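A.B. asks: Below: one structure in structure tokens.
The values are calculated or read from the model by the stated rules, or taken from the named source; none is laboratory data. If you're wondering where the values come from, they're calculated on a predicted model, not measured in any experiment. Cβ placement follows ideal geometry from the backbone for every residue including glycine, while neighbour counts extend to all protein chains displayed. Heads up: the accessible areas ignore ligands, DNA and RNA and are worked out on the full protein's heavy atoms, side chains in. Shrake-Rupley method; radii C 1.70, N 1.55, O 1.52, S 1.80 Å.
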Amino acid sequence: MIVLDPKSVGRIDRAAPEVIAQERKEEEAAGAAGKSLKTKNKQRGRNKIGRKLKKMRGNVISEEREKLRKKLEEMQKEKLEKQQATKQSEEAEMIAQGKQPSALTRFNR
């Protein structure tokens, strides 16, 4: 049977906040030293080690991935610049011919 001391149940700790914070840090440090981090098994259904390894390998940033990412960014920049250049040239041609651009041309891609 568990019995609580009725004198200590309603009491408030009157220590300074700095002292309480220091005690908490010491308790956390002592608790963290005893525990080791493990990967948790959160998968549902097909719970195979191959999936976990594949997922772990997928999270690694490799040099090849970085190269491909940079190449893709460069290609997107070039494409955007090309689109802007063609748009400007089309507008310049219309102005040179004396035509005003249509109000709907801004929606063209």
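A.B. asks: For E26, all conditions in the list (1) more than 30 Å from D13 (Cβ to Cβ); (2) modelled with pLDDT of 75 or more hold save one; what is the number of the exception?
C.D. replies: If we test E26 against (1) more than 30 Å from D13 (Cβ to Cβ); (2) modelled with pLDDT of 75 or more, just (1) comes out false.
A.B. asks: Can you name the residue in region 53-98 that is open to solvent by less than 100 Å² (accessible area, probe 1.4 Å) and not in a helix (DSSP H, G or I) and is also nearest to K40 (Cα to Cα) among such residues?
C.D. replies: So the residue we want is V60.
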